[in-house]
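First up is the structure itself, then whatever we jot down about it.
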Amino acid sequence: GVVFGDDPRQGYFKNGVFLHPELRFQVVFPEGWATQNTAQAVAAQSPNQDAIMQLTTGQGSPSQAAQQFFAQQGVQSSNVGNTSINGLPAVSGYFQAQTSQGAVGGLVAFVSYRNVTYQILGYTSTAALSQYDATFRRTIASFGPLNDASALNVQPARVELVQVPRAMSVQQFNSQYPSTVSAALVAIINEVPDNGSFAAGQLAKRVR
């Protein structure tokens, strides 16, 4: 069937924790931050909208990825060194850069896990770095293997076609063929009004 909504196998948030069943890792983002998961990056923004954390994949080994990052024009690095995050080899360091929005500062780590290098980055204005430093460190330190079986086995919701045996309302259809989404959403997916009905023999969609 068609995958309905975001495929959780490609990563999903649960109470601020980002879980990725396919790549088998998890990261705990700061509490109360607004999060988003796109194909390019997983990102979180502070409630004051003055700090950002993001997770992407890097090129090469952690040290190669770090070299590339710190070699960018206008980026100054400090305290760059090898470290270990939950037993995984990593390189981390602080950086400063001039941008159109002013001077930014942050902390970045490159972690090698299951033959992929992940870049976890936190940045804010240079002035606010000391205020966010502990938060950035905590999130970076939370990167690690995902071992929770229920998360590893999560499946996307799929749309299934059901041949309606007799004329019935959306509500009746939903109680006989329950979906994992609301009856209102079932009506929308089937392009019928909430209080609409299905004809006998009609193909209707449910989400499981």
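Scanning the range 147-188 for residues that are in a strand (DSSP E or B) and either within 11 Å of Lys205 (Cβ to Cβ) or polar (S, T, N, Q) (or both) yields Arg158, Val159, Glu160, Leu161, Val162, Gln163, Ser169.
Screening the range 98-112 for residues that are open to solvent by 20 Å² or more (accessible area, probe 1.4 Å) and of a type in the set (A, V, I, L, M, F, W, C) and picking the one that is farthest from the chain's Cα centre (by Cα) gives Ala103. Looking across the range 130-185, the residues that are among the aromatic types (Phe, Trp, Tyr) and either under 30 Å from Gln45 (Cα atoms) or touching a Phe, Trp or Tyr at 6+ places or on another chain (Cβ under 7 Å) (or both) come down to Tyr132, Phe136, Phe143, Phe173. Looking at Asn15, Asn37, Asn86, Asn115, just one residue is open to solvent by 60 Å² or more (accessible area, probe 1.4 Å), touching a Gly at 6+ places or on another chain (Cβ under 7 Å) and on the phi > 0 side of the Ramachandran plot, and that residue is Asn86. Within the range 133-178, the set of residues being under 13 Å from Leu107 (Cβ atoms) and open to solvent by 20 Å² or more (accessible area, probe 1.4 Å) comprises Asp133, Ala134, Thr135, Arg137, Arg138, Ala141. The strands (runs of 3 or more DSSP E) found wholly in the range 7-100 and carrying at least 2 residues that are more than 14 Å from Gly122 (Cα to Cα) occupy 12-14, 17-20, 25-28, 34-37, 75-85, 88-99.
The values are calculated or read from the model by the stated rules, or taken from the named source; none is laboratory data. Quick caveat: nothing in here was measured; it's all calculated off a predicted structure. Counting neighbours? That spans all protein chains shown, and the Cβs are built from the backbone with ideal geometry, glycine included. Heads up: the accessible areas ignore ligands, DNA and RNA and are worked out on the full protein's heavy atoms, side chains in. Shrake-Rupley method; radii C 1.70, N 1.55, O 1.52, S 1.80 Å.
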